[in-house]
Amino acid sequence: MLRKMLEKDRKRLKRKVHVRKRISGTAERPRMTVTRSNRRISIQIIDDSKGHTLASASTLEKDLRNIKADLEGAGQLGEIMGKRLIEKNITSVVFDRNGYLYHGLIKALADGTRKAGVQF
């Protein structure tokens with residue numbers, strides 16, 4: 001069991017490095033990165049040219065703790081992040097799935113962000 005999990009993590013990190021070679025966020029089009037676990041989801045908007053986090057949303061925040069890490073919760077978190085981005089006049093981002101497959105939670109989160117009006 002442990003060996004299988006180590007292999008799964010190694011493959012995700014390999015995908016992450018492969019994708020990050022090509023993706024970089026700028027001030028006009030920052031990078032939106034996703035981190036997930038079995039219980040939590042978090043999103044960061046990063047300007048890689050300055051190394052600054054412009055915005056973030058997480059189920060660890062006090063107001064968002066009631067959002068679960070399921071398809072519906074990921075969609076809600078994506079919409080909240082989209083609204084925060086629109087408030088900061090950011091309408092376009094580069095999506096960094098952080099080595100996770102574009103399926104399930106990651107897809108629901110991306111769709112929720114698009115629903116709020118952010119393009120990527």
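The values are calculated or read from the model by the stated rules, or taken from the named source; none is laboratory data. Please read all numbers here as calculations on a predicted model, not as lab measurements. So basically every Cβ, Gly included, is an ideal-geometry build from the backbone, and we count neighbours across all protein chains shown.
Some notes on this structure:
- Unmet requirement for Ala110, which otherwise passes all of (1) part of a helix (DSSP H, G or I); (2) among the aliphatic types (A, V, I, L, M); (3) at pLDDT below 95: (3)
- If you go through the range 79-112 and pick out every residue that is closer than 21 Å to Arg20 by Cα and polar (S, T, N, Q), you end up with 2.
- Residue that is farthest from the chain's Cα centre (by Cα), among those in the range 42-59 that are more than 14 Å from Ile86 (Cβ to Cβ) and of a type in the set (A, V, I, L, M): Ile46
- Residue match in the range 18-41 (condition: within 15 Å of Arg97 (Cα to Cα), assigned to a helix (DSSP H, G or I) and either over 16 Å from the mean Cα position of the chain (by Cα) or at pLDDT 95 or above (or both)): yes
- Selection of the range 18-58 for residues being surrounded by fewer than 10 Cβ atoms within 10 Å (Cβ to Cβ) and more than 18 Å from Ala69 (Cβ to Cβ) yields Lys21, Arg22, Gly51.
- Pairs are defined by a Cβ separation below 9 Å, a sequence spacing of at least 6 or placement on different chains, a first member in the range 82-93 that is under 15 Å from Arg31 (Cβ atoms) and touching a residue at least 24 places away in the same chain (Cβ under 8 Å), and a second member that is hydroxyl-bearing (Ser, Thr, Tyr) and not in a loop (DSSP other than H, G, I, E, B); the pairs so defined are Leu85/Thr113; Val93/Thr113.
- Hits in the range 102-120 - residues which are surrounded by 12 or more Cβ atoms within 10 Å (Cβ to Cβ), on the phi < 0 side of the Ramachandran plot and not charged (D, E, K, R): Leu105, Ile106, Ala108, Leu109, Ala110, Gly112, Thr113, Ala116, Val118, Phe120
- Tally, over the range 69-101, of residues that are surrounded by 15 or more Cβ atoms within 10 Å (Cβ to Cβ) and either assigned to a loop (DSSP other than H, G, I, E, B) or aromatic (Phe, Trp, Tyr) (or both): 8
- Any hit, the range 52-66, residues being among the small types (Gly, Ala, Ser) and part of a loop (DSSP other than H, G, I, E, B): no
- Any hit, the range 74-84, residues being of a type in the set (Asp, Glu) and at pLDDT below 95: no
- Remark: pairs (first residue in the range 1-26, farther than 17 Å from Val93 by Cα and touching a residue at least 60 places away in the same chain (Cβ under 8 Å); second residue surrounded by 11 or more Cβ atoms within 10 Å (Cβ to Cβ) and of a type outside the set (Asp, Glu); Cβ separation under 6 Å; 6+ apart in sequence or on different chains) = Arg12/Gly99; Arg15/Gly99; Lys16/Asn98; Lys16/Gly99.
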